[in-house]
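Just so it is clear, none of the values below were taken in a lab; they were calculated from the coordinates. Given the structure is predicted, the values throughout are model-derived calculations rather than measurements. Cβ coordinates were reconstructed from backbone atoms using ideal geometry, including for glycine residues, and neighbour counts include every protein chain displayed.
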Amino acid sequence: MASRFVHLRVHSEYSLYDSTIRVKKLVQAAADAGMPAVALTDQANTYALVKFYKTALGAGIKPILGADLWLENPEDQTAPFRVCALCINNDGYKNLRELISRGYSQNQHFDKAIVRKEWLFAQSEGLILLSGHGMEISVSALLKASSKQQKR
């Protein structure tokens, strides 16, 4: 039985520095490749998610909603970490939107919405976080924060 590949970190035309792929072409490429699902994770924005969601469902592909977040780097403010946040459910989608909005309104640096670690810990419910090389964020700290939040 062949394994089926699913992209979990894809940028669209709404991530101008990283991609020029249009949402409909992304979904069509995923369908042509036989992918059962695909994620859209534009940089610190959710502008394309409604269009992506409707287009993917129309093509018979499960849409995975998310975004790449810029996470505050306490050692170097000019070099934030990047973390991919994928929504598990409506709570995750709501938390993702709020984190991005808060980054833009309260902690914007060099035209980037920077999410603070404590915000992420407090609003991680309904999100799966994928971190990359060089990330010092602790999964155990996220689990502790999440369990404290669930006890409330």
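With each pseudo-label sitting 7 Å past Cα toward Cβ, what's the Y53-A37 distance in nm, one decimal?
1.6
With a Förster radius of 30 Å, plug the Cβ-Cβ distance of Q106 and I128 into 1/(1 + (r/R0)^6) and report the FRET value to the nearest 0.05.
Working from the Cβ atoms, E equals 0.80.
Run the numbers for K24 and R116: contour at 0.36 nm per residue of separation, minus the present Cα-Cα distance, in nm.
29.8 nm
Given H placed 1.01 Å from N in the peptide plane, which residues other than close sequence neighbours of L71 have an amide H under 5 Å from its amide H?
F81, R82, V83, V115
Considering only the other residues whose Cβ falls under 11 Å of the Cβ of R22, what net charge follows from Lys and Arg at +1 and Asp and Glu at -1?
Neighbourhood net charge equals +2.
With r as the distance between the Cβ atoms of K62 and L16 and R0 = 41 Å, compute the FRET efficiency 1/(1 + (r/R0)^6) and round to 0.05.
Computed FRET efficiency for L16 and K62: 0.95.
Give me a comma-separated list of calculated 3J(HN,Hα) values for region 116-131, in order, Karplus coefficients 6.51, -1.76, 1.60 applied at θ = phi - 60°, integers in Hz, x for any Gly or Pro.
For region 116-131, the Karplus-derived couplings read 7, 4, 5, 5, 4, 4, 6, 10, 8, 4, x, 10, 10, 10, 10, 10 Hz, x marking Gly and Pro.
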